[in-house]
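Worksheet: one structure, shown below.
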Amino acid sequence: MNIAVFISGRGSNLKALIDAKNRGEFDSNISLIISNKDAKGLMYGYYANIDSFVIKDDDKLLDKLRDYSIDFIVLAGYLKTVPDEIVDNYEGRIINIHPSLLPKYGGKGFYGMNVHQAVFDNKEKESGASVHYVTKEIDGGDIVLQRKVDISDVKSPSEIRDRVLEIEHTILKDAIKKIEEEE
Ligand code: GRF
């Protein structure tokens, strides 16, 4: 697959993917990185020599994806809703990483620390990460992979975030591998 990775912030999931690719853990190429703002994570693209662009105007996304012959999109901390035009053109070809065990703590308003705060407030004993296909329903597409982590001893939402982030870094590359094997 010819992958574009979309980010919005720190880019630790992007870095984990680039590292995994360099270790030969999946076959696809990461050919394009897109951010909706001047995100810190863009530096990982520059270091790895992957073309990276800040695209704020949704109308410009499809052309850029076509310029790079992208056939698969990975949302790795992209904090903007993907426009319908992209979802329509890439049906079944977009995945997203979400920091909870979907369908729990998914949907509108459940992003970033909101997720971990809610998990903490509900005294959950386990949390985890999910990779799912992107549809027009927020966090609603089929699950590709899910992995759990024990949080029964945590003292704060940020501890949950740190444990879940470690899981995210393993599950996203594994999801790409799984999809490659199914193709
Ligand atoms: C991750 O927790 C991801 O699940 C969420 O945003 C965070 C992005 O982290 N959607 P990073 O930018 O990959 O470091």
For the chain, the longest principal axis of the Cα atoms and the Cα long axis of helix 157-182 enclose an angle in degrees, to the nearest 10, of 50 degrees
By the Cα gyration tensor axes a ≥ b ≥ c (a/c under 1.5 gives rounded; else a/b larger than b/c gives prolate, otherwise oblate), the shape of region 106-183 is oblate
So the FRET efficiency between residue 166 and residue 71, C-beta based with R0 = 45 Å and rounded to 0.05, is 0.95
For the pair residue 23 and residue 136, the simple spin-label estimate (label points 7 Å beyond Cα toward Cβ) gives in nm 4.0 nm
For the chain, the longest principal axis of the Cα atoms and the Cα long axis of helix 12-22 enclose an angle in degrees, to the nearest 10, of 60 degrees
A 1.4 Å probe over the protein heavy atoms gives region 90-160 a carbon and sulfur accessible-area percentage of 51 percent
Computed over the chain, protein heavy atoms only, probe 1.4 angstrom, the accessible area per residue in square angstrom equals 50 Å²
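The values are calculated or read from the model by the stated rules, or taken from the named source; none is laboratory data. Quantities reported herein were computed from a predicted structural model and do not represent experimental measurements. Glycine gets a Cβ as well: all are built from the backbone with ideal geometry, and neighbour counts include every protein chain shown. Heads up: the accessible areas ignore ligands, DNA and RNA and are worked out on the full protein's heavy atoms, side chains in. Shrake-Rupley method; radii C 1.70, N 1.55, O 1.52, S 1.80 Å.
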